[in-house]
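J.: So that we are looking at the same thing, I have put the structure below in structure tokens.
The values are calculated or read from the model by the stated rules, or taken from the named source; none is laboratory data. Treat the numbers as computed from the prediction; the structure is a model and nothing was measured. Cβ atoms come from the backbone with ideal geometry, glycine included; neighbour counts cover every protein chain shown. Note: accessible area is taken over every heavy atom of the protein model, side chains too, but ligands, DNA and RNA are not part of it. Shrake-Rupley method; radii C 1.70, N 1.55, O 1.52, S 1.80 Å.
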Amino acid sequence: MAGLLLYCRSGFENDVANEVQDKASRLDIFGYSQTHTNSGFVLFNCYQEEHAEVLANKLAFANLVFARQLFACKHLIEGMPVTDRVGPILSACEEFPLCGELRVEYADTTDGRELSKLCRKISVPLRQALRKKNKLTNKDNNKKPVLHVFFTKTDKAYIGYSFPHNNSSLPLGILRLKFPHDAPSRSTLKLDEAFQVFIPKQEHDERLQGGLHAVDLGACPGGWTYQLVKRGMFVQAVDNGSMDEALMETGQVTYCPEDGFKFQPKRKNIYWLVCDMIEQPQRVAKLMAGWVAEGRCKEAMFNLKLPMKKRYESVQGALVIIDEVMKVHQVKSYLLQAKHLYHNREEVTVHLRLG
Ligand SMILES: C[S@@+](CC[C@H](N)C(=O)[O-])C[C@H]1O[C@@H](n2cnc3c(N)ncnc32)[C@H](O)[C@@H]1O
């Protein structure tokens with residue numbers, strides 16, 4: 001067997017399958033997806049074995065909306081003896097390149113998490129054995145491929161490797177964040193994660209600095225505004241609901257009880273536009289693209305709330321609308337990233353800026 005194994009949030013397997021099918025075919029690579037509802041992963045089987053590695057290299061991870069992680073899957077081991085799991089895994093890695101890191105993982109589901117102890121336990125002896133066999137560098141090396149062992153049962157694991165330029169550097173592809181005790185809503189974690197995922201760390205000082213002006217559409221009770229205020233920004237919070245009082249007391253927030261679709265900012269120097277309004281994705285996409293294309297803000301971060309079905313198609317439709325707005329405004333170059341973040345549920349987060 002050879003394919004691409006992708007991790008996702010439980011319940012989004014079909015969306016990953018649709019996306020990988022679509023994007024792999026654009027690279028002239030064909031195959032079929034094996035999905036199990038609520039399994040938290042998808043295996044895309046390639047008709048040609050060598051294509052698994054091509055996909056792991058070339059199917060740009062950063063552009064995949066619904067996948068948290070991917071690797072070229074080379075073997076499926078079933079019926080591993082309980083007394084020796086290391087042996088069969090070692091044999092499966094025989095043809096692998098020298099890897100710089102081992103990750104023994106599981107799906108982010110209730111069943112999957114029950115395997116976490118086993119994964120931790122097996123990591124140490126497996127790492128030692130792989131080093132002895134020259135399949136793993138003596139010290140972790142982030143320039144070399146990552147060796148993945150993905151357990152789905154105590155005796156069943158998918159084995160393969162990913163490339164450091166095209167994978168998530170995070171265990172399980174998940175960015176875990178601590179909920180700040182004084183934040184007004186759990187939504188705050190979504191914007192925090194979005195900033196960390198989409199804005200390179202070395203650019204935070206410039207693009208997320210104190211003193212910048214921001215507009216938050218659909219701001220109440222203030223989880224997103226909290227992230228902006230925490231970074232020292234001044235925020236116009238647009239919503240008819242009620243804002244968290246402690247946030248208002250910072251003096252950094254101007255409350256604007258207006259319709260986010262009609263709102264005109266009181267100042268011209270808006271850097272960030274953020275938006276978490278519960279609205280049709282096409283409508284939000286058009287609004288956001290208009291702001292960026294007309295130079296009413298420098299960067300936009302927004303959520304697209306997704307329908308229950310055809311979520312991949314819905315995201316693609318919204319991205320096409322953004323492209324059309326940019327064309328109408330004769331914008332030649334812009335940066336657009338969309339991701340189903342760990343803290344997202346039935347929504348994806350999109351980042352848009354000129355450049
Ligand atoms: C998911 S909540 C926002 C949560 C917020 N981001 C937070 O972190 O606390 C959506 C908000 O959008 C607001 N909203 C929906 N449609 C709106 C519109 N047309 N104009 C302004 N606000 C709107 C709702 O009143 C609601 O408070």
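J.: Within region 144-163, can you find the residues that are under 22 Å from GLN128 (Cβ atoms) and either open to solvent by 40 Å² or more (accessible area, probe 1.4 Å) or in a loop (DSSP other than H, G, I, E, B) (or both)?
T.: LYS144, PRO145, THR154, ASP155
J.: The conditions are (1) within 16 Å of the ligand (Cβ to nearest atom); (2) assigned by TED's automatic domain parsing to the domain that holds PRO145, and ASP216 fails exactly one of them. Which is it?
T.: Of (1) within 16 Å of the ligand (Cβ to nearest atom); (2) assigned by TED's automatic domain parsing to the domain that holds PRO145, only one is false for ASP216: (2).
J.: For region 1-47, how many residues are among the charged types (D, E, K, R) and modelled with pLDDT under 95?
T.: From region 1-47, those among the charged types (D, E, K, R) are 9, 13, 15, 19, 22-23, 26, 28; that's our starting set.
Next, only the ones that are modelled with pLDDT under 95 stay: none.
Of the residues in that region, 0 qualify.
J.: Out of all the residues in region 10-27, which are in a loop (DSSP other than H, G, I, E, B) and surrounded by 22 or more Cβ atoms within 10 Å (Cβ to Cβ)?
T.: Answer for region 10-27, where residues must be in a loop (DSSP other than H, G, I, E, B) and surrounded by 22 or more Cβ atoms within 10 Å (Cβ to Cβ): just PHE12.
J.: Could you list, in sequence order, the residues of region 298-349 that are more than 24 Å from SER168 (Cα to Cα), open to solvent by 30 Å² or more (accessible area, probe 1.4 Å) and in contact with a Gly (Cβ under 7 Å, 6 or more places away or on another chain)?
T.: Scanning region 298-349 gives a single hit, SER333.
J.: Name the residue, out of ALA318, ALA300, ALA293, that is assigned by TED's automatic domain parsing to the domain that holds GLN227, more than 21 Å from HIS343 (Cα to Cα) and in contact with a helix residue (DSSP H, G or I) (Cβ under 8 Å, 6 or more places away or on another chain).
T.: Numbers: ALA318 fails: more than 21 Å from HIS343 (Cα to Cα); ALA300 fails: more than 21 Å from HIS343 (Cα to Cα).
When all the criteria are applied, what remains is ALA293.
J.: So which residues in region 270-297 are within 16 Å of the ligand (Cβ to nearest atom), assigned to a helix (DSSP H, G or I) and crowded, with 18+ Cβ neighbours inside 10 Å, if there are any at all?
T.: PRO281, VAL284, ALA285, LEU287, MET288, TRP291
Residue-by-condition table, conditions (1) among the acidic types (Asp, Glu); (2) modelled with pLDDT of 95 or more; (3) within 13 Å of the ligand (Cβ to nearest atom):
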residue	(1), (2), (3)
LEU208	no, yes, no
TRP224	no, yes, yes
MET233	no, yes, no
ALA237	no, yes, yes
SER242	no, yes, yes
LEU247	no, yes, yes
PHE261	no, yes, yes
PRO265	no, no, no
LYS268	no, no, no
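J.: In region 132-143, what residues are in contact (Cβ under 8 Å) with a residue 12 or more places away in the chain and not in a loop (DSSP other than H, G, I, E, B)?
T.: The one that is in contact (Cβ under 8 Å) with a residue 12 or more places away in the chain and not in a loop (DSSP other than H, G, I, E, B): LEU136.
J.: For region 118-157, give me the residue count where each residue is within 13 Å of LEU102 (Cβ to Cβ), more than 27 Å from the chain's Cα centre (by Cα) and either of a type in the set (Val, Ile, Thr) or not assigned by TED's automatic domain parsing to the domain that holds VAL42 (or both).
T.: So the count comes out to 3.
J.: In region 179-198, what residues are open to solvent by 20 Å² or more (accessible area, probe 1.4 Å), within 12 Å of the ligand (Cβ to nearest atom) and among the charged types (D, E, K, R)?
T.: The answer is ARG186, LYS190.
J.: Does TYR255 satisfy the condition of being within 13 Å of the ligand (Cβ to nearest atom) and either at pLDDT 95 or above or outside the structural domain of VAL348 (by TED's automatic domain parsing) (or both)?
T.: Yes.
J.: Inspect all residues belonging to region 90-97 and state whether any of them is open to solvent by 40 Å² or more (accessible area, probe 1.4 Å), within 12 Å of VAL149 (Cα to Cα) and touching a helix residue (DSSP H, G or I) at 6+ places or on another chain (Cβ under 7 Å).
T.: No, every residue in region 90-97 fails to be open to solvent by 40 Å² or more (accessible area, probe 1.4 Å), within 12 Å of VAL149 (Cα to Cα) and touching a helix residue (DSSP H, G or I) at 6+ places or on another chain (Cβ under 7 Å).
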